[in-house]
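To keep things clear, I will list the structure first and then write my remarks on it.
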Amino acid sequence: MNAVTQLPSGASRSAPALPDRAAIESAAEFLRAIVPPTPQYRWPQMAQAFGTEVWLKHENHTPIGAFKARSACMYFQKLMQREPGCPGVITATRGNHGQAVALAAQRFNLPATIYVPRGNSLEKNNAMRALGARLVEHGDDFQEAREEAIRVGTRDGLHMVPAFHQDIVLGVSTYWAELFRSVADLDVVYVPIGQGSGACAAAAARNAY
């Protein structure tokens, strides 16, 4: 049974504010040495297929081949300001989030333990190990791996890196800012949605630029 939190009478639940332009620009300056700006290309065959001008943002050009390289590095920068004595981090993943955490942990010289379910992608697992993370296979699905990571992290005093957080949105917003600065007058942007950091970051950059 899921517990339902009751808000006091007259209270409302509000979401954290989206990052503004100054915050995005500051984040971009910090990330530039880790994740250089990625290109955006206008591919003729895509334009023909859709019957309009189409731009593709190539976040596959980051150090891990995914936009999450930005999110974890930004999160870790803020984490070290909040918890300078952090002994290490732990998280659960099926791939890209774990690679991002491993990349950031390497950058900030923090031990990283990453839980994945059994049968996870061998390529993703090898990529996380290559970045220096300790990889643990546990459970038959992501939820079981995540619950074990939380248990072990609590036991060992490790920081559990979430998949969604305001600082993660800030990091992701830098790639949207690159796109909006480079391509004027976009009518529509398409954003795949998982946990929601990409969609929130797109809204933040749209508002700022």
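The values are calculated or read from the model by the stated rules, or taken from the named source; none is laboratory data. Computed from a predicted model, the values in this text were never measured in an experiment. Note that we place each Cβ from the backbone using ideal geometry, even for glycine, and neighbour counts take in every protein chain shown. When the accessible area is computed, the model is the full protein with side chains, heavy atoms only, and any ligands, DNA or RNA have been set aside. Shrake-Rupley method; radii C 1.70, N 1.55, O 1.52, S 1.80 Å.
In a residue-by-residue description of region 117-124, the property of being farther than 24 Å from P36 by Cα, of a type in the set (S, T, N, Q) and surrounded by 14 or more Cβ atoms within 10 Å (Cβ to Cβ) applies to at least one position. Within region 136-158, the residues that satisfy the criterion of being open to solvent by less than 30 Å² (accessible area, probe 1.4 Å) and either within 12 Å of V101 (Cβ to Cβ) or touching a Pro at 6+ places or on another chain (Cβ under 9 Å) (or both) are G139, A145, A149. Each residue in region 180-199 was checked for being open to solvent by less than 60 Å² (accessible area, probe 1.4 Å), in a loop (DSSP other than H, G, I, E, B) and closer than 22 Å to P63 by Cα, and 2 pass. Within region 7-18, identify whether any single residue is surrounded by 14 or more Cβ atoms within 10 Å (Cβ to Cβ), at pLDDT 95 or above and within 23 Å of A105 (Cβ to Cβ), and answer yes or no. No: region 7-18 contains no residue that is surrounded by 14 or more Cβ atoms within 10 Å (Cβ to Cβ), at pLDDT 95 or above and within 23 Å of A105 (Cβ to Cβ). Of the helices (runs of 4 or more DSSP H) that lie entirely inside region 11-121, those containing 3 or more residues that are under 13 Å from the mean Cα position of the chain (by Cα) and over 16 Å from A201 (Cα atoms) span 96-107. Only a single item in (1) touching a residue at least 12 places away in the same chain (Cβ under 8 Å); (2) more than 12 Å from V161 (Cβ to Cβ) is not met by F108, and it is number (2). Take the conditions (1) over 20 Å from P16 (Cβ atoms); (2) buried (at least 18 other Cβ atoms within 10 Å of the Cβ); (3) at pLDDT 95 or above; A177 misses just one of them, which is (1).
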